[in-house]
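Student: So that we are looking at the same thing, I have put the structure below in structure tokens.
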Protein chains: 2
Amino acid sequence: MKAAIVAVGSELLGADRLDTNSLRLTALLDRYGVELRRKAAIGDSEEEIAAELRFLLPRVDLILIGGGLGPTADDVTREAVAAALGRRLALDEEVLAAIERRFEALGWRMPEVNRRQAWVIEGAEVISNPRGTAPGMRLESGGCTLFLFPGVPVELEGMTVDALEPWLAERSGGVARETAVLKIAGLPESVVEERIAPAYEQFGREAITILANAGEIRLQATAAGPEPERRARLAAMVARLAELAGDAVFTTREEDTLESVVGDLLRAAGATLTTAESCTGGLLAQRITSVPGSSDYFLGAAVTYSDELKVRMVEVPPAVLAEHGAVSEPVARAMAEGVRRALGSDYGVGITGVAGPGGGSEEKPVGTVHLAVAGPGDGEVEHRKLRLPGDRDRVRRFSAQLALEVLRRRLLAAAGGA
Amino acid sequence: MKAAIVAVGSELLGADRLDTNSLRLTALLDRYGVELRRKAAIGDSEEEIAAELRFLLPRVDLILIGGGLGPTADDVTREAVAAALGRRLALDEEVLAAIERRFEALGWRMPEVNRRQAWVIEGAEVISNPRGTAPGMRLESGGCTLFLFPGVPVELEGMTVDALEPWLAERSGGVARETAVLKIAGLPESVVEERIAPAYEQFGREAITILANAGEIRLQATAAGPEPERRARLAAMVARLAELAGDAVFTTREEDTLESVVGDLLRAAGATLTTAESCTGGLLAQRITSVPGSSDYFLGAAVTYSDELKVRMVEVPPAVLAEHGAVSEPVARAMAEGVRRALGSDYGVGITGVAGPGGGSEEKPVGTVHLAVAGPGDGEVEHRKLRLPGDRDRVRRFSAQLALEVLRRRLLAAAGGA
């Protein structure tokens, strides 16, 4: 089956808006093996929309149209589709009653303009829209099926789940594609690729994709086919990938983040955390506290941007600063240990580095970062020296990401040893 | 003049990539008063691209095509355009020599596949591409002009500046549109709209747009016409809007952020800053330190997530915490004053609140935030109580934004009083 997507709305032809509904629709088409041939964005012009549809009708089997079903005069998708197919529009009393009821429920009278939304194209099946006033439609013309959806993302999404997905599922005879994810932090993409190479051979290269972004790697495994086989294959792929990638995988749940996984480990251990941050300037604390309920395990942070505050807030010895400089292994270690002691937590993280663009030297170029993790108790402090590429923002984000990953591994080791 | 944009590349029909080149092209078309009628994304199919072009040729005056000019077999834009126009392709020796030189300069021999990129459509003018190997083309057919660009954003952008903009400027006879920006923080959109209403009457409603995002408002003024009049009109609009919006405008420079403006004010005053953060968890410090050179004025921060650390790090009296609770005016005031004193800065900011989703009560619902600014010296501490809508992330971002705005006004007042 070949498909096309048409996004209607003059705002989609401006310099600051893209049609994002098409991504949702594309993911759904992918799932059922439908090939997307083209996407178009068109303004609120009956003539332009109709011309596009006349162009598409002989070329594809499925046309998904989003937008232009509102109540105002510039919403002309209904008229354009009717014109392109040579069909009439008729007022549907049932649809009108539903729209009136929706307004009544909100305590308003239906404005006269909303009557427009009750006009239905001859031969169309109405798709109800519980999240808004504009109903959708499904209709057939020649060998082509057209779906009309409103452009409001939450309404369109709801209606694709209610009406488009079941239609696709039926047409595909239960054959679908499904994707599972494994998230990895702290390893370069090439290393992950090398580790999982045997899975490529076993399951096929197209079945596994690697996406890298800001120090995090997503492994996506995709399986297609009817229900029981598909699930079994997906489970086998995830198990194999997890085995190959090892403990670098921090989660197989889409909703998890590295900071939420670290938080879960701290909560499970009944342990508390504090951070001492120089070059990241609070970014690590901000990420940790972005997780609801993080006050269960996170006590606070010392952002020690100046040397003086490294001494005053987290007890870095002035002699160590003088001898090694602020960006050094001994200072990172002293920060991690000092923040743990000064603020009274089980674990402490210290980060110090040169984020740039200024402040670099031959010995310590921009991107030089030292991070350390202390705790639990007075055991060994763990240290990593990093040489990170990229600009200020990227150096800061990578530093926070890798600090979380070192902490996660330390928490895992502590849990395993308990 | 009517235009269409065609983005070529099968990756643009996947579930996670949108054609962003079109936004740049649209902004340029806007500038010269060219009306964009439609955008399309098409896969690497000669037949599909040619069909789209045959559809567009009689409908628009200008077609901008991006992508499909690479050296590999799936780059078929050259062939598709030639087919749609009924023209031949011929190897251009000059283009070939330029591609070979480019490889030589990098110390490589040109791979044989790159010869493809030297094929030029009959009648086309070649647009050189100093940032890559694929040259572009401009050609005329009937009343329509076609531009072919590579899809790599940096290459396309460079070539639009070198070749498309001058062409548009010439066709427009020097008439263009230009936009100026005024940025505002800390005021609701409706209040800004009310204040600037007289400017709508004076300059026309279409000439001024308001965009609100995350506690920040962008006022955009647009003027069109030939050079001297356009600039004069734009300057008059900016002056009038600045007068109406008053000191809520924190900058008229696109590159400024609220945190960079606050930093400039601190640097000018020779003053230092520290922050004490509870619900924002380091977000404010992170924003302040995202500005290069912020170590000139920012000393550090105390992220006092737990009550105990509010006492220990920034000297909030335990009796005040016990009597009023952590989310209260007295605690915010004590945090601002305490962090200034404990960490030794001229200014101190304190933020405490309920970011949610948990932790709210009838008296202090989610979104209740107290912020305070202390300094310079031991003068009056300024306090604001906020009731912010939205989820955890939004509450945190608004809190940091408004703290920066209160601080900015205090710095302005101090500078004015000096």
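What follows is calculated from the coordinates using simple rules that are stated; it is not laboratory data. Computed from a predicted model, the values in this text were never measured in an experiment. Note that we place each Cβ from the backbone using ideal geometry, even for glycine, and neighbour counts take in every protein chain shown.
Student: In the stretch B:83-159, what GluC sites (Glu not before Pro) fall in a loop by DSSP, with at most 11 other Cβ atoms inside 10 Å?
Tutor: Details: sites: B:Glu93, B:Glu94, B:Glu100, B:Glu104, B:Glu112, B:Glu122, B:Glu125, B:Glu140, B:Glu155, B:Glu157; in loops: B:Glu122.
Within the stretch B:83-159, no GluC sites (Glu not before Pro) qualify (loop, at most 11 other Cβ atoms within 10 Å).
Student: What fraction, in whole percent, of alpha-carbon pairs in chain B exceed 30 Å separation? Don't skip to the end; give the middle numbers.
Tutor: Values: 50794 of 87153 pairs.
Value for chain B: 58 percent of Cα pairs lie more than 30 Å apart.
Student: Just checking the output field for B:274-282: average partner chain Cβ neighbours within 10 Å of each residue's Cβ? Don't jump to the answer; show the numbers that get you there.
Tutor: Details: counts 4, 2, 1, 7, 3, 2, 4, 14, 16.
Per-residue shielding by partner chains comes out at 6.
Student: Just to confirm the filter: which GluC sites (Glu not before Pro) across the stretch B:237-328 are DSSP coil and have at most 13 other Cβ within 10 angstrom of their Cβ? Spell out each step's value before the answer.
Tutor: Working: sites: B:Glu243, B:Glu254, B:Glu255, B:Glu259, B:Glu277, B:Glu308, B:Glu315, B:Glu323; in loops: B:Glu254, B:Glu255, B:Glu315.
Hits after loop and neighbour filter: B:Glu254, B:Glu255.
Student: On a full-extension model of 0.36 nm per residue, what is the gain between A:Lys2 and A:Ala73, subtracting their alpha-carbon distance, rounded to one decimal in nm?
Tutor: Details: separation 71, 0.36 × 71 = 25.56 nm, distance 3.22 nm.
Between A:Lys2 and A:Ala73, full extension yields an extra 22.3 nm.
Student: Using each residue's phi in the stretch A:111-116, evaluate 6.51 cos²θ - 1.76 cosθ + 1.60 at θ = phi - 60° and report the 3J(HN,Hα) Karplus result to the nearest Hz, with x for Gly and Pro.
Tutor: x, 4, 4, 5, 4, 3
Student: What is the angle, in °, between the Cα long axis of helix B:21-31 and the longest principal axis of the Cα atoms in chain B? Nearest 10 is fine, range 0 to 90.
Tutor: The helix B:21-31 is inclined about 90 degrees to chain B.
Student: On to the next question. Could you state the angle between the C-alpha long axis of helix B:93-105 and the longest principal axis of the C-alpha atoms of chain B, as a value from 0 to 90 degrees rounded to the nearest 10?
Tutor: 40 degrees
Student: Next up: What average count of beta carbons from other chains do you get within 10 Å of the Cβ of residues in A:16-24?
Tutor: Working: counts 4, 2, 6, 4, 1, 0, 5, 5, 1.
For peptide A:16-24, the averaged partner shielding equals 3.
Student: Sorted from shortest, what are the nm distances separating the label point of B:Arg88 from equivalent points in the other copies, each placed 7 Å from Cα along Cα to C-beta?
Tutor: Listed shortest first, these distances are 5.7 nm.
Student: Let me ask something else about it. Taking a label point 7 Å from Cα toward Cβ, how far is B:Asp162 from its twins in the other copies, in nm, shortest first?
Tutor: Ordered by distance, the counterparts are at 5.3 nm.
Student: A further question on this structure: Over 18 Å between C-alpha atoms is what I'm after, so list which of A:Lys2/B:Lys39; A:Lys39/B:Lys39; B:Lys364/B:Lys385; A:Lys2/A:Lys39 land there.
Tutor: On the way: A:Lys2/B:Lys39 20 Å; A:Lys39/B:Lys39 8 Å; B:Lys364/B:Lys385 11 Å; A:Lys2/A:Lys39 12 Å.
Distance filter (> 18 Å) returns A:Lys2/B:Lys39.
Student: Something else about it: Pop the C-beta distance of B:Val175 and B:Gln220 into the FRET formula with R0 = 22 Å and round what comes out to the nearest 0.05. Display every interim value, and only then the final one.
Tutor: Values: r = 19 Å, r/R0 = 0.87.
My answer for the efficiency is 0.70.
Student: Can you tell me the convex hull volume per residue for the stretch A:99-229, based on C-alpha atoms, in Å³ to the nearest whole number? Present the calculation step by step, with values, prior to reporting the outcome.
Tutor: On the way: hull volume 24.2 nm³, N = 131.
Taking only Cα atoms, the stretch A:99-229 has a hull volume of 185 Å³ per residue.
Student: Could I ask something else about it? Give me the angle, in degrees from 0 to 90, between the Cα long axis of helix A:392-417 and the longest principal axis of the Cα atoms of chain A, rounded to the nearest 10.
Tutor: For A:392-417 against chain A, the angle is about 70 degrees.
Student: Moving on to the next point. What Kirkwood hydrodynamic radius do you get for the protein assembly as shown when you take the inverse of the mean 1/r over all pairs of distinct Cα atoms, in Å?
Tutor: Working: mean 1/r = 0.0328 Å⁻¹.
Every distinct Cα pair counted, the radius reaches 30.5 Å.
Student: If you take the square roots of the eigenvalues of the alpha-carbon gyration tensor of the stretch A:2-171 and sort them as a ≥ b ≥ c, do you get rounded (a/c under 1.5), prolate (a/b over b/c) or oblate?
Tutor: On the way: a/c = 1.44, a/b = 1.39, b/c = 1.03.
Rounded shape, in that the Cα axes give a/c under 1.5.
Student: Right, next: Given a cut-off of under 8 Å on Cα pairs at least six residues apart, what relative contact order in percent is computed for chain B? Don't jump to the answer; show the numbers that get you there.
Tutor: Values: 796 pairs, mean separation 42.6, N = 418.
Computed value for chain B: 10 percent relative contact order.
Student: Would you list, by chain and number, the aspartates and glutamates whose Cα falls below 15 Å from the Cα of B:Lys310, excluding same-chain residues fewer than 8 positions away?
Tutor: Answer for B:Lys310, where 15 Å is the Cα cut-off: B:Glu277, B:Glu323, B:Glu329, B:Glu337, listed by chain and number.
Student: May I ask what percent, to the nearest 5, of DSSP beta bridges between residues of the protein assembly as shown are antiparallel? Present the calculation step by step, with values, prior to reporting the outcome.
Tutor: Working: 92 of 146 bridges.
Rounded to the nearest five, the antiparallel share is 65 percent.
Student: State, to one decimal in nm, how far the label point of A:Phe103 lies from the label point of B:Ala239, with both points 7 Å from Cα in the Cβ direction.
Tutor: 4.9 nm
Student: Now, a different point. In chain A, which residue puts its Cβ closest to the axis that turns chain A onto chain B, and how many whole Å away is it?
Tutor: Result for the axis mapping A onto B: A:Gly282, 2.
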